[in-house]
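The values are calculated or read from the model by the stated rules, or taken from the named source; none is laboratory data. All values derive from a computational prediction rather than experimental measurement. Ideal geometry is used to build each Cβ from the backbone, glycine not excepted, and the neighbour counts take in all protein chains shown. These area figures cover heavy atoms from the full protein model, side chains too; ligands, DNA and RNA do not enter into them. Shrake-Rupley method; radii C 1.70, N 1.55, O 1.52, S 1.80 Å.
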Amino acid sequence: MMSRLLSALGALLVLASGCASPRPPATASAPTPQRQQLTVLYVADLHAQMRAHPELFWRDGKERIEMAGGFARVAAAIQQIRAERGGDVLVLDAGDTIQGSGAAALTEGGALIEPLNALGLDGAVPGNWEVVYGPAVLRQRARELKHPLFAANLRDAASGERLFPPYLVKEVGGVKVAVVGFTDPDVPRRQPPGYSKGLRYDGPEALPELVREVREREGAQVVLLMSHVGLAKAVGIAARVSGVDAHLSSDTHERTYVPIEQAGSWVVEPGAFGSFLGRLDLWLEDGKVVDRRWELIELTASRFPEDPEMARLVDAALAPYDEQLSSPVGHTDVTLARYAVVENPLDNVLADAIRAAGGTEIGLSNGFRFGTPLLPGPVREADLWNFFPITNKLKTGKVSGRQLRAFWEQELENVFAKDPEKRFGGWLPRPSGMTVRFRSEAPKGQRLLSLEVAGEPVVDERLYTVTACEREGDSPDMLCRIPGVQDPRVLDVDAHEAVRRFLAGKPRLSASLEGRAVGEDLPAVLRTQQVQP
């Protein structure tokens, strides 16, 4: 009986084993890719604005003025994001930092060193104005800073050696990042030539090889290009230099709220004067960038407090110059602002003052981008430095109508050239005693529609008297980039003194545009030169 039961049980087991599906062999589950985050913060074109100031904001057709910026507010924002990210943040400065204010000029940038060192920057690219005090001072300031300067194309003219390393390599939060630096190669022509005497500026030809070098030899997982050439040129470079995850632009003070995508890279620019902080977040898996986010942070008083320790350092740095720079030189009943490519009320005042000081038919002021809004009230010495931060002497001369036409056609090309590589310098020069009408989209040499002096059309053969600024290193017959000027004469008056004298006469200042320069195919107020690809 027992033997028959065991036989039946064995048969059942054989049957069961024959009907069951074989169990698949055990396999290890695929590892989940490790996701890493890199946070990059950067400022640009601080122009030595160490204290908070009124700032004009515009977006979506709306404008407002708020108190913003200042190193103490920049420091507070950086500290807040560092805390959020557990310290894993790369903080950069894209140049034009130690020039642009009275205290900076009076100390050749020295007043900024201690506050800059306290910001905890990881590196900086020198801008076109970093040479304003000469190469020797630039080298000295670089030695005093705790963070390195880097630029691939800035060299000593005699030896050919780079002044600074071409790039910065750093590990941040387990991510190895390289930042290649590139500064404006037009500096010897764009600034008074004497500023950069003894220096050599190369073009962008070496950038592709440097990008490959940091990828292959340095092992960078993320490659950034930080340039000081302006947004339009940065977009052009991004189209030609592959392998860059993001291009951090500066120089033109553009406010990039939405990144410009070019050849798989993002191009961004973070405004100016410490009123903004750019934040770029990159996410990586298996060492590759898989996601990214950009934010242009407005550093307004309503959003960010000031860091007390940085505020103390700034006050200490500025204290020796506060009395001198707070001295009043005049008064304005209206808000004077500069943020416009073609014409603006602040530069109308400056051009009028220059023309009055020279006693000429025409006055010309540079197309500077410096200067935060000047609110109704006293005009101080500090304000003169903020909107005209160099004290070159004024210069007069006689210029033919034909020369004036050639000058304006070239300046219009500098500002509105279709090819970004042909854009040059700042915004349009500011005229007084003259009106200019043009079409920005017309071909080079064909943009001028009309040119008038004192309400009369310019005559090619006639000579006109002009006042502008002397530029250190220019030939004697050069006046505001106009060559071959007749009877050139350097005055014993600079632009600051011209404004002092002009305001002493208590002129009626206007916050309105006067039609001195009009682009018939442009909006009434053009605030950007941004070129979308």
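Observations
- Close Cβ contacts (under 6 Å, 6 or more residues apart or on different chains) running from residues in the stretch 286-301 that are at negative phi and open to solvent by 70 Å² or more (accessible area, probe 1.4 Å) to residues that are among the acidic types (Asp, Glu) and at pLDDT 95 or above comprise ARG293/ASP281.
- Annotation note: Cβ proximity below 7 Å between a residue of the stretch 496-507 that is under 14 Å from PRO389 (Cα atoms) and a residue that is modelled with pLDDT under 95 and open to solvent by less than 70 Å² (accessible area, probe 1.4 Å) (sequence gap 6+ or interchain) occurs for HIS496/PHE388; HIS496/THR391.
- Residues satisfying the stated conditions in the stretch 227-260, i.e. under 17 Å from the mean Cα position of the chain (by Cα), polar (S, T, N, Q) and part of a loop (DSSP other than H, G, I, E, B): SER249, SER250, THR252, THR256
- Residues (open to solvent by 10 Å² or more (accessible area, probe 1.4 Å), assigned to a helix (DSSP H, G or I) and not hydroxyl-bearing (Ser, Thr, Tyr)) located in the stretch 180-209: PRO188, ARG189, ARG190, PRO193, GLY194, PRO204, GLU205, ALA206, PRO208, GLU209
- Search result, residues across the stretch 120-137 that are open to solvent by 10 Å² or more (accessible area, probe 1.4 Å) and either in a loop (DSSP other than H, G, I, E, B) or over 20 Å from ASN386 (Cβ atoms) (or both): GLY120, LEU121, ASP122, VAL132, TYR133, GLY134, PRO135, ALA136, VAL137
- Selection within the stretch 349-382 - at pLDDT 95 or above, open to solvent by 10 Å² or more (accessible area, probe 1.4 Å) and either assigned to a helix (DSSP H, G or I) or under 21 Å from TYR133 (Cα atoms) (or both): VAL349, ASP352, ARG355, ALA356, ALA357, GLY358, GLU381, ALA382
- Evaluation of GLN99 against (1) more than 16 Å from ALA311 (Cα to Cα); (2) open to solvent by 10 Å² or more (accessible area, probe 1.4 Å) (one fails), failing number: (2)
- Of all residues in the stretch 387-397, one or more are under 25 Å from ALA232 (Cα atoms) and among the hydrophobic types (A, V, I, L, M, F, W, C).
- Evaluating LEU513 against the criteria (1) hydrophobic (A, V, I, L, M, F, W, C); (2) closer than 30 Å to GLY134 by Cα; (3) out of contact with any Gly (no Cβ under 7 Å at 6 or more places or on another chain) leaves one unmet condition, (2).
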